[in-house]
1. For I89, state whether it is touching a strand residue (DSSP E or B) at 6+ places or on another chain (Cβ under 9 Å) and buried (at least 20 other Cβ atoms within 10 Å of the Cβ).
2. Test of understanding: among R147, R170, which residue is at pLDDT 85 or above, surrounded by 13 or more Cβ atoms within 10 Å (Cβ to Cβ) and under 12 Å from A50 (Cα atoms)?
3. So F75 ticks every box in (1) modelled with pLDDT of 95 or more; (2) of a type outside the set (A, V, I, L, M); (3) under 28 Å from R126 (Cβ atoms) but one. Which box is left unticked?
4. List the strands (runs of 3 or more DSSP E) inside region 81-128, counting only whole elements, that have at least 3 residues being over 10 Å from the mean Cα position of the chain (by Cα).
5. Y140 versus (1) surrounded by fewer than 21 Cβ atoms within 10 Å (Cβ to Cβ); (2) out of contact with any Pro (no Cβ under 6 Å at 6 or more places or on another chain): which is the lone unmet condition?
6. Taking region 58-72, which residues are out of contact with any helix residue (DSSP H, G or I) (no Cβ under 7 Å at 6 or more places or on another chain), buried (at least 17 other Cβ atoms within 10 Å of the Cβ) and in a loop (DSSP other than H, G, I, E, B)?
Amino acid sequence: MKVKTDVFLVLLIVAASIAAAQSVPPVQSPGPETPVNGYWIDPTSGLMWAGKDNGKDVNWHKAMKYCQNLRLAGFSDWRLGTIDELFGIYDRSADSPGRFGNGEPNYQHVKGSLFLTGVQWSSSQRIDDRGRTDDFAWFYDFINGRRGEEDATNFSGRYANRGMRALCVRGPVK
């Protein structure tokens with residue numbers, strides 16, 4: 001009986017040694033969630049977001065046109081998100097890598113690790129005292145987590161609309 005126990009212990013030790021020598025190093029965390037194939041689908045709303053904004057200063061009309069002309073992931077029905085849709089992807093605890101307009105790295109508080117390079121125009125326009133839309137449109141700042149409004153028609157490249165970008169959305173995805 002003692003011989004069987006000793007053989008069993010030797011076999012167990014040998015098997016453990018072989019397993020340790022062949023063991024795979026622990027799996028490294030892949031890091032934050034990133035957009036796949038250039039887009040991200042928000043599991044909460046079902047909206048499909050482009051993985052990055054347009055990357056350059058645009059006025060509101062050019063932002064709208066950029067999204068209408070976008071062809072991404074086999075879809076052509078992209079649009080500029082509403083102010084509420086943009087607010088819906090704000091996450092104070094998220095630190096998604098992005099860039100300022102001057103190329104300097106920064107972090108934006110946006111879900112889905114979307115790559116943003118400025119403040120994002122929305123498709124929502126301001127309503128005047130007569131209940132009509134005027135020349136101002138809403139934008140969302142994912143660094144500071146705030147909404148604002150800006151002249152949608154003026155574009156000097158120097159002051160008005162500086163750092164304003166187009167982040168496109170489609171959906172909801174079914």
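The values are calculated or read from the model by the stated rules, or taken from the named source; none is laboratory data. Quantities reported herein were computed from a predicted structural model and do not represent experimental measurements. Don't worry about glycine lacking a Cβ; one is built from the backbone with ideal geometry, like all the others, and counts go over all protein chains shown.
1. The answer is yes for I89.
2. Values: R147 fails: under 12 Å from A50 (Cα atoms).
None of the others qualify; the one that does is R170.
3. For F75, the exception is condition (3).
4. Qualifying strands (runs of 3 or more DSSP E): 105-108, 119-127.
5. (1)
6. N59, L70, listed by residue number.
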